[in-house]
Every structure is written in structure tokens, then in C-alpha cells.
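The values are calculated or read from the model by the stated rules, or taken from the named source; none is laboratory data. Nothing here was measured: the structure is a model prediction, and the numbers come from that model. For neighbour counting, all protein chains shown are included, and Cβ atoms are generated from backbone atoms with ideal geometry for every residue, glycine included. Ligands, DNA and RNA are excluded from the accessible area calculation, which covers all protein heavy atoms including side chains. Shrake-Rupley method; radii C 1.70, N 1.55, O 1.52, S 1.80 Å.
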Amino acid sequence: MAVKIKLKRLGKIRSPHYRIVVADSRTRRDGRAIEEIGLYHPVQNPSRIEVNAERAQYWLSVGAQPTEPVLAILKLTGDWQAHKGLPAPAPLLVAEPKANKRAAFDEFAKALEAGEPKGEAITPKAKKSDKKADEAADTSASAAESTEA
């Protein structure tokens, strides 16, 4: 039985997620797998790649052949180089952890309790009567300028 390490597609139409699986070469792409050894999420930025290095090394050592996309992933993670005895590549980029929303909320709540000002509005609201007075002053100023000239 020929064993392949290949990608099993999951996810919605335009949101693919893959599992790196070990399967018989005769099974279909999303068919039954012998073992799942990793994840690949290409849509995230940077791409999320997780490979169980121990299991990948085992399957490579017993003769499992990776497909081209999986070979590229194994080269990125350094598992292929470890199997072949080559120097390891640079480490993968990892997404920054998301900010803790609860901590930010607690900080803001403490600031409110301390009596700190909330901040000014970007455009302060003017009363209607003030608007009319400003318009009248503008028209009288422009009329005075035209009579002086």
C-alpha cells in the first residue's frame, strides 16, 4: 500500500482550511485518512501552519511520500530538512496575540471611576440661535468690507 501525506480540504467555499493527513494514495482527496498530523489555514495572515513534527518524521521515515503542497509546507516548518539532514530554515512568522478586550474595558472603567474626563466631541454641537447669530455677524462683516472698498 502506497502512503501519501496530503491535504484534506475543509471549510466553506471561499474560506478553505486544510488538514495535513496521512492516507492511502488510492483514497480521494477528502476521504478516509490513516492519521491527521497537522493544520494549514492559508486565509489567515500570516498563514497558520501547525505540524506534529514527531509524527511527520515517523511517516517520512517509513516511506510516506508528501504531495507537492505538503512538501512546501514541510520545508517551511523545517521537518523536511530534519528528515534529509539539511540545515533548518528561518522560523515561521506567527500572528500577534489579540488584545484582551476585558482588560481594556476594565482600564476604561477605572478611568471613569477616577473622574477623568471622557474626552471632547470631534465636532461640538452648536445651538440654532448661535448659528443664526454667527451668520448675521458674517453677513454684516462682509457688507462692511464691501462698503469700505
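A search for C-beta distances below 7 Å between a residue of the stretch 47-59 that is under 13 Å from PRO91 (Cα atoms) and any residue that is assigned to a helix (DSSP H, G or I) and open to solvent by 80 Å² or more (accessible area, probe 1.4 Å), counting only pairs 6+ apart in sequence or on different chains, returns ILE49/LEU76.
Counting only helices (runs of 4 or more DSSP H) wholly contained in the stretch 1-88, the ones carrying 2 or more residues that are surrounded by fewer than 17 Cβ atoms within 10 Å (Cβ to Cβ) and modelled with pLDDT under 90 occupy 79-84. Whenever a residue of the stretch 5-25 is acidic (Asp, Glu), its partners that are part of a strand (DSSP E or B), lying with C-beta atoms within less than 7 angstrom and at least six residues away or across chains, give the pairs ASP24/VAL3.
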